[in-house]
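Visitor: After the structure tokens below, expect a handful of questions from me.
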Amino acid sequence: MASVAESAALQPPNMGRQDQTLLVFARLMEGGLEDEETVAELGKLTKLLNDDVELVKKGEPSITGIVDGDCVDTILCYLDMRQPDIVRAHATLCTSAYLKAAGEDGNKKLARFFHDRVRRATYDDYIVAFCVASAIFPIVPALTSELFLSEGFLGSLGPLMRRKWKSRKVETACLEMLNAACMHPHCREAVQKYCNEWLEEIVDQDPEEAVNGMYAADPDVRLQEGSVSMRRHSLQVQNLAAVVLAKLRAVQPPRPQPGHSDAPEPRVQAAETSIEELSERFTKVFITDQEQVNIATEGLAYASLQPKVKETLSKNPDFLKALVKKLETAPAKSPLTYGALSILVNLTVYQPVQSEEQKKMNQLKAYANAAGKLQPDPLNDHDHVTERCKRVFEAGVTPVLVKHSKNGSVASLTLIISIIFSLSTTMSLRGQLAQQGAVRVLIAAWTALPETEVKARRTAAQALARILITTNPALVFGGTRPIPQSNAIRPLVSIIMPDPEAETRDLLPTFEALMALTNLASTDDDTRRSIVRLAWDDIEEQLLSSNSRVTTAAVELVCNLVQSPTEALSLYADGKPQANNRLKILVALADAEDVPTRSAAGGALASLTNHEAVVRAIATRERGPEIVLGLCVDDDEDLRHRGAFIVLNMATAAGEAGKLAREKLMAAHGDKVMVSCAKKSRRAEVVELAAEALKALTSK
């Protein structure tokens with residue numbers, strides 16, 4: 001028989017698409033191919049089918065018309081769990097391409113395949129049918145759920161799983177199908193209804209007891225794991241059943257409190273494995289059984305959605321150590337990596353901040369659902385989550401997250417961002433996060449993620465802001481492999497404006513971004529120049545925010561930006577109408593109600609009054625001199641310091657601007673104000689500034 005390479009060489013150069021398709025199917029049907037040859041043929045077929053979708057749009061006939069039931073059987077049988085993983089992966093891509101190209105006809109052939117295999121009811125047919133259902137659930141969930149929920153199907157699984165002689169492959173294929181089906185709400189409800197009882201039986205079975213019973217009945221029995229010679233469920237099957245139960249338990253609504261339901265309660269309720277018991281099982285397997293670590297990880301990813309499980313796992317140092325170690329050695333983009341990251345997200349995630357209106361609505365819903373008895377779980381409150389975050393951090397997770405971020409998928413990168421975001425909520429961890437590479441990860445993630453991933457990018461930017469608020473930029477952006485400080489500016493600028501797609505207006509990212517930029521603007525003129533170039537319009541808008549804390553943060557940023565003579569001149573001191581309008585706002589903010597805003601505005605004016613144009617603008621502004629003098633008699637000594645500095649700058653300014661300033665300040669009783677300022681102050685530098693300003697006002 002000619003090899004695939006030889007057959008390809010003999011293939012006519014101008015063979016049509018239909019002939020190419022038939023030739024590929026002929027090779028796949030004849031069997032005897034090596035795995036890499038099978039993969040190559042499946043790849044060719046996938047390309048033909050993908051191309052077909054586009055060519056049909058241009059009016060060409062579809063190749064799917066020659067794909068009959070036997071051809072469909074050929075593709076689907078490569079989804080069998082007994083095939084190598086690489087073959088199954090390519091068969092999944094091929095199946096997806098076929099269903100997209102064939103449309104309704106493909107759906108009918110798929111349904112016919114599934115029902116025929118289930119109807120035959122042999123072990124081999126069950127395995128293939130269940131494997132196909134598992135693989136195509138994510139591809140065509142609507143169609144697969146329809147097959148899954150067809151009358152009598154789920155009811156037939158109980159007797160199959162309770163057969164005297166067990167086949168691990170049949171049971172594994174069946175449970176993997178149920179596992180995939182639980183992602184669909186209606187299918188999950190059906191599994192709960194029809195399968196919960198026998199799933200409990202599988203999980204509760206004592207393997208040793210089953211084996212001892214077999215030997216007692218037949219001392220000469222030979223046990224073959226995975227064959228139909230077994231009368232007990234394997235540990236792998238038990239653990240898979242436990243994963244399905246965990247998915248059912250994790251999304252079950254809280255039960256009403258006794259006495260608050262109209263439905264009669266049964267006298268005796270069937271025993272039910274709790275999510276905590278399932279978690280204990282998964283934890284033990286995760287730590288001790290390397291072969292079944294993927295199953296345990298998936299189970300824990302769902303079980304750890306529950307507050308009690310989160311708390312238990314976070315207090316288990318052996319588990320945290322094993323989790324970090326397994327994540328460190330897990331291949332990039334693998335199920336183990338994604339599952340481990342999901343567990344870490346669950347352990348560290350904070351509850352979303354709710355507005356007062358949202359809190360009231362949730363209270364009303366709780367009252368309606370369970371007579372007011374459903375209250376937020378205290379294990380999810382801020383303090384408990386903070387302690388869990390500290391335990392996860394202390395387990396050494398950050399370097400592992402840094403490692404996985406370099407080759408991660410969009411999905412895993414999103415999870416990594418979420419974990420670092422939660423850890424950065426705790427102020428005491430921020431410096432260590434920066435030292436261990438979190439800043440580099442967040443900047444790289446924000447840059448690498450597609451712009452469509454709005455939420456993940458905003459989360460990365462906000463986590464970056466939190467770290468940079470409380471960390472010395474020289475330490476963050478220094479070292480042997482320095483990150484350019486300018487790389488952090490764009491992510492921070494991206495969250496100054498509130499998210500327009502959010503249901504509620506959250507100003508915390510805005511505030512934190514402004515604070516982080518303020519810290520960066522304290523370093524050098526190049527950074528200040530970059531911030532002004534990239535963010536000035538947004539910063540200026542926040543100066544007039546309805547939220548006083550946001551306004552204060554914006555003014556503090558402006559105060560640092562105008563320490564650069566170039567930026568001060570271009571924004572406030574060139575004498576143009578736009579600069580004068582900006583200055584009016586800044587002077588008005590120096591008269592704000594809250595001390596931090598007045599202080600920041602005063603600091604900015606103290607720098608800006610080195611420019612004659614600013615001195616002239618303040619002197620001629622209505623109430624400008626009065627506002628400046630008001631700072632000099634403020635109850636806050638720092639404000640008096642800044643006010644005296646401004647008055648001194650204005651009174652000693654050269655030329656017409658200085659003369660005008662002295663006249664306006666004296667007209668506002670500046671001499672008396674400066675005397676009061678000196679008497680009221682206790683710090684020598686403030687008294688000296690007041691005295692110099694008084695001398696300048698009265699001597700010229």
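Visitor: Just checking, how many residues over the range 298-315 are within 10 Å of Ala250 (Cα to Cα) and of a type in the set (Ser, Thr, Tyr)?
Guide: Residues meeting the conditions: 2.
Visitor: Can you tell me how many residues within the range 608-627 are surrounded by fewer than 17 Cβ atoms within 10 Å (Cβ to Cβ), charged (D, E, K, R) and at negative phi?
Guide: Adding up the residues that qualify gives 1.
Visitor: Which residue is surrounded by the most Cβ atoms within 10 Å (Cβ to Cβ), if the candidates are limited to the range 554-577 and must be in a helix (DSSP H, G or I) and hydroxyl-bearing (Ser, Thr, Tyr)?
Guide: Of everything passing the filter in the range 554-577, Tyr572 is surrounded by the most Cβ atoms within 10 Å (Cβ to Cβ).
Visitor: Among the residues of the range 53-86, how many are part of a loop (DSSP other than H, G, I, E, B) and not charged (D, E, K, R)?
Guide: Within the range 53-86, residues that are part of a loop (DSSP other than H, G, I, E, B) and not charged (D, E, K, R) number 9.
Visitor: Residue check: is Ala579 under 21 Å from Ile627 (Cβ atoms) and in contact (Cβ under 8 Å) with a residue 40 or more places away in the chain?
Guide: It is false that Ala579 is under 21 Å from Ile627 (Cβ atoms) and in contact (Cβ under 8 Å) with a residue 40 or more places away in the chain.
Visitor: Another question, if that's okay. Can you give me the number of residues within the range 73-93 that are crowded, with 21+ Cβ neighbours inside 10 Å, under 19 Å from Asp116 (Cα atoms) and aliphatic (A, V, I, L, M)?
Guide: 3
Visitor: If you don't mind, another one. Answer yes or no as to whether Pro482 is outside any helix (DSSP H, G or I) and closer than 22 Å to Thr518 by Cα.
Guide: In short, yes.
Visitor: Name the helices (runs of 4 or more DSSP H) wholly inside the range 612-694 in which the number of residues that are β-branched (Val, Ile, Thr) and within 16 Å of Arg598 (Cβ to Cβ) is 2 or more.
Guide: The helices (runs of 4 or more DSSP H) meeting that bar are 624-632, 637-651.
Visitor: Examine the range 170-177 for a residue that is polar (S, T, N, Q), farther than 20 Å from Val251 by Cα and assigned to a helix (DSSP H, G or I), and state whether such a residue exists.
Guide: There is at least one residue in the range 170-177 that is polar (S, T, N, Q), farther than 20 Å from Val251 by Cα and assigned to a helix (DSSP H, G or I).
Visitor: Further question on the same structure: Restricting attention to the range 141-169, which residues are crowded, with 20+ Cβ neighbours inside 10 Å and in a loop (DSSP other than H, G, I, E, B)?
Guide: Ser167
Visitor: Considering each of Leu544, Leu586, Leu605 in turn, give the residue that is assigned by TED's automatic domain parsing to the domain that holds Thr518 and either at positive phi or not acidic (Asp, Glu) (or both).
Guide: Every option except Leu544 fails the conditions.
Visitor: Regarding Ile646, is this residue closer than 28 Å to Thr518 by Cα and touching a Cys at 6+ places or on another chain (Cβ under 9 Å)?
Guide: Criteria met by Ile646.
Visitor: Of everything in the range 420-438, what is among the β-branched types (Val, Ile, Thr) and buried (at least 24 other Cβ atoms within 10 Å of the Cβ)? Give them in sequence order.
Guide: Matches in the range 420-438: Ile420 only.
The values are calculated or read from the model by the stated rules, or taken from the named source; none is laboratory data. All values reported here derive from a predicted model rather than from experimental measurement. FYI the Cβ positions are ideal-geometry reconstructions off the backbone, even for glycines, and counts take in every protein chain you see.
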